[in-house]
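Single-structure report; data block below.
Read-outs throughout are calculated quantities, based only on the coordinates presented, and are distinct from any laboratory measurement. Predicted model, so just to flag it, every value in this text is computed and none were measured. All Cβ positions, glycine included, derive from the backbone under ideal geometry; neighbour counts span all protein chains shown.
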Amino acid sequence: MIRPRQSLLVLLPILCLCTSALAQELGVRVIVQPKNYQAQTLFFGVRSGALYGLDDFDLLAPPPEPETTFDAYLRMPSPPPGLSNRWWVDYRTLQELYRDREEDWDMALVNQTPGTTTELHLDLPFGTLIPHQIFLRLPGEEEFVEFSPPVTIEFTVTDPNVTLTWKLLHADEIPNEGQAWGLIKSLYR
Amino acid sequence: MSIPHRHFARYFTVLTIFVAGLVSAQASAQPGFSCEGENLLALVLDNGEIFAEGVPLNMPVVGHIYVLNPSAESIRGVEFSLNVPANCMAQSVTWDVQAVDVGSGNNHIVGFGTPVFSDGTHIHLGSVPILYMDPDGDPASIYLGPSVPSSIDGSMSYAQGETSELVSLQPVSGDLGLPVLRINGAPLHYCLDLADYDLGVVISTPGDPFNLAAVLPEATDGYDPGLDLPDTDEQVLITFNHPEWSSPRQLKHDIRSPFDPELSNKTWFFTYQAPAAGVYPAELELHFETNLAVAAGAPATVRDIRGNTTIDLHSQDGYTFIATAPSQIRNFILEVGTPALPPLTFTVDVALAGHTDQGNTGGFEVGATDGFDADFDLPQPAPQPEDFLVASFDHPEWPLGDRYWRDIRAPFDPVEEERTWPFVVETDLDGLATLNFTPDFAAYEGATLVLHDLQNGRIVDLMAAPSYTFTAEGMETIYEFIISVGGDVPEPPPLEPESRYLPVGWSMVGFPLQPPAGQDNLGDMILDQSPDRAFMFRHAGNAGYEQVGTGTGTSVGDGFWIAPVTGYSWSMAGTPRLGSSTVDLGYGWNLVGYPLWFTGHFSGIQGSRYGSTYTWDEMVDQGLISHVVWSYDPDSGSYLNAQELEPWHGYWIRTAVYGLNLEFSWQNFTRGGREGTTAAQLAAGRLVPPELRWKTELQVSGTDGGADAVTVGVHPTGTPGFDPLLDLPRAPAGPDRQVRISAHRPEWEDFAGTAYATDFTRAGGKDPWNLLVEPAGDGPVTLTWERQDWPADLDFQLYLPEQNRVVVRSMAQQNSVVLEPAGQPLLVRVRTPDLMSGTEEMPPTDFALRVRPNPFNPSAEIAFNLPQAGDVEVRIYSLRGELVDVIAAGSLAAGRNHVTWHGRDRNGRDVPSGTYFARLLFGGEVRGSVQKLMLVR
């Protein structure tokens, strides 16, 4: 169950063509802070020059320390062969987002002590929310819930292995090379 | 006492005084004496008294002869004035013969005496050994002391022996009134002139002068009759010793072959035995007269071994020392020339828990032998009953016990040859013992001093690091070592392997070599070789992982994660760290890179913390460090319990304290078989008894290829509860779910969860281990285990508590079982066999009978397994062997079968309570073994 704090600031997306017309890089930082355990920081988002798969921005998560009882990492949809699919940083290409309008990031939480209260601190290290929207679907839930960073989300991990899904939505039209958007193609190609 | 004739002859041979007894008139006719030629001494016997006065005697003062009048009853107060030329090293002396009662009759006695001392003017005879002839002229007896035979009849005659220079001995009869003894002899040897020798040293002491060590061209280093003079002085004080000779072994003159004192040396080993009479302690003295012209530029010394004093003969002509008791023997070495093999020594001090044993000395010196030498080798008493620490050289073959504080050997060339010293440390103390060595090898550049620890096979180059530590267990134990001088120094092993292939994905790495200066960043050392991108992290303690890159510097013992996107073979430039490498550990987990360049075992690691040092086992046992060290298997993507340390690899090491450092010294990791070192020696008394420390790994594998393992066991520091350093929580399950097994400890949830990779307890407990098998699918899983570390009589059952079923009766006799968890977590209990709850579902081996219940009432089921179909009959016998019942089962199918016995005989009558036996017949033949049944009514 998601219980946003009172300080949660939910910014309604402002769908404005004049802002969305620019391809916006966006970085989302998620600090996963389980109670009594070491925090884990993950990054996702879209960046110019990033790829859908492995790129120079992505950071493979090393195996956890022995006896680690809590771990968090991102799963890449198309991981490079041979590498474990555990990522601390996974940036995708702007183009994909603008084309598909949305991108999903699965975030795995491994917890040896079910029932641990966990906080997710969400903020944007770069970029602006507009023209994006950020949603989160907790395990077992059907629906995505929108959050606007900075925000802290607290919930309880009940199973040893759970997956949360982040969804980044681009509110603008897909750039068209034949039209005015084509002029900024080079920004992300 | 009788002596053979040849001995008698030799006795005369060594006598260098030749005396002829003449009547006084004859005596007056004698010319003056010289040092050469025949010398005669007139002894005047006057009615039983010998008197000679004013007769110039050109003779030494060490031998004398007495001639007794046949009618004499005594000899009293005889004095001789002996005028000895200067070159004979004596001046005018007086010979004082004590009165001797010889009784009456025709006594003709020849005696030889040795003066006790000379005061420069008189020689005083303390004892008068008497040699006499029996009536046949054969030597009969030698009496030592002032007494003489009371009566000897007959006349004397004597013929010269083979080597004797004595020509004749002609006794005279008592009828002459003035009996005469005549001895014709060879030149007097005692008229020494050192100018006659190429090199010579005369060693004298009051009572025993003219002991000569010299060199002549015609001499050899062996015994040269006519040159070397056996020492038959009546009172031998000084003598040159040759224990290596069969005979003679004591010389008065020890003449050797020439040598060049500038290039080599010769040594004379002589002893001084304090006079038997006298008041002790007494100051004794040695006088030296030398001819060292040819050795003017070379050392010439006399060394008092026990007094540890060296007299320089170039500047000193005397030496005094204290004898504390009569007949005490003092050993000396006369050494002239430049020693080819100067002494070599090493001392060993041992310290443990505030106790020390210092000054144990080994080595070699001129004069010593490889056996026991009373003056070089010093025995050591047994340790005290408790709280003892005794180090010693171990020589059970030597005469004075096993332990020797000094073990000095014969000289050898330590650069070319090897000698070994067995060395032991006996103690009942516990802690870290330190052996400190002080080698004095200055004269032998290139000589080695090597320690072999027979407990663990380590070989230590003591010239590189003159100390060694080992752990004393606290029980009365003898720790055995071999100290080698001149032996091979352990060579550093080569880099092996020379590179490591880093596959795609994560690997834990460490750097086995010291990189060249300026090339100590990760780019130079590993990352620049990657053909593609590579992720790399290090672990910063509580701060967790920290990404590193090409510019990141490294320190000794740093461990890293690296995940290349493309696999590659990794090598590095650098040199082995031949010194000790120190790795600082933080609290908790440390990602450590093994800093050595060859595979080693954890026992090679030494720890230190706040001035205290520890072995690996001590660190584990004292809770400083976890006994489990994790390595990482890139192929399976999982951690492994590391059994050894490999170069190029990194490891997770967990500490429970701050300030702990690990020392990696390559010598501590090298093991070696030394000739004569047995496995039993290596293990002798040093190991924790196996029943107190064992473990076993149970591995589970699924049909999908997945596998997992859990370790259970006992440990000296283990408890039934949660042991932070022994009981390791499970790492989280990976993203790809596979079969998993863990020690199930729900009661420890508050500590570190419920699943554990290891579960240790203490020995002797009956608490079972509960293992939770979590299958990945619906198929069966196979559980396997090894019992190689188990004590011999250890055994367990595998029991499924949720089904109340024993699935393995004896884990000692079986090493695997197939389980069918049907997709659900399955609890498996490892328990001791005496916990008998549960039914056993294991199929019996072929024909083996199994009875249940047992004891039984009223009936028992007798189960068995048939390898093939056939006729089966089960016979029941009484305790006395009587056939009680036959259960004809008829033809049965192959596989598991059973029959039931209702406790009745063949007539259908109930049989009484008691013990019965069942036996199976298959096809009419007895098969399997007899099974006992207990009927309780």
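Annotations for the structure displayed:
- Fewest-first sequence of A:Thr118, B:Thr552 by Cβ atoms within 10 Å of each Cβ: B:Thr552, A:Thr118
- Reachable lysines, given that their alpha-carbon falls under 27 Å from the alpha-carbon of A:Lys167 and they are not under 8 places away in the same chain: A:Lys35, A:Lys185
- Counting other Cβ atoms within 10 Å as a rough exposure proxy, the listed residues B:Tyr280, B:Tyr658 run B:Tyr658, B:Tyr280 from fewest neighbours to most.
- Kirkwood Rh and Cα Rg combined as Rg over Rh, evaluated for region A:37-132: 0.99
- Electrostatic tally near B:Pro515: other residues with Cβ closer than 13 Å to its Cβ, Lys and Arg +1, Asp and Glu -1, net -3.
- Summed side-chain charge close to A:Leu74 - residues other than A:Leu74 whose Cβ falls under 15 Å, Lys, Arg +1, Asp, Glu -1: 0
- In plain terms, the residue of B:Phe602, B:Phe321 with the fewest other Cβ atoms within 10 Å comes first and the most crowded comes last, giving B:Phe321, B:Phe602.
- Environment charge of B:Ala368, counting only residues whose C-beta is closer than 9 Å and scoring Lys/Arg +1, Asp/Glu -1: -4
- Here the contact order of region B:267-383, divided by its residue count and restricted to Cα pairs under 8 Å and six or more residues apart, works out to 30 percent.
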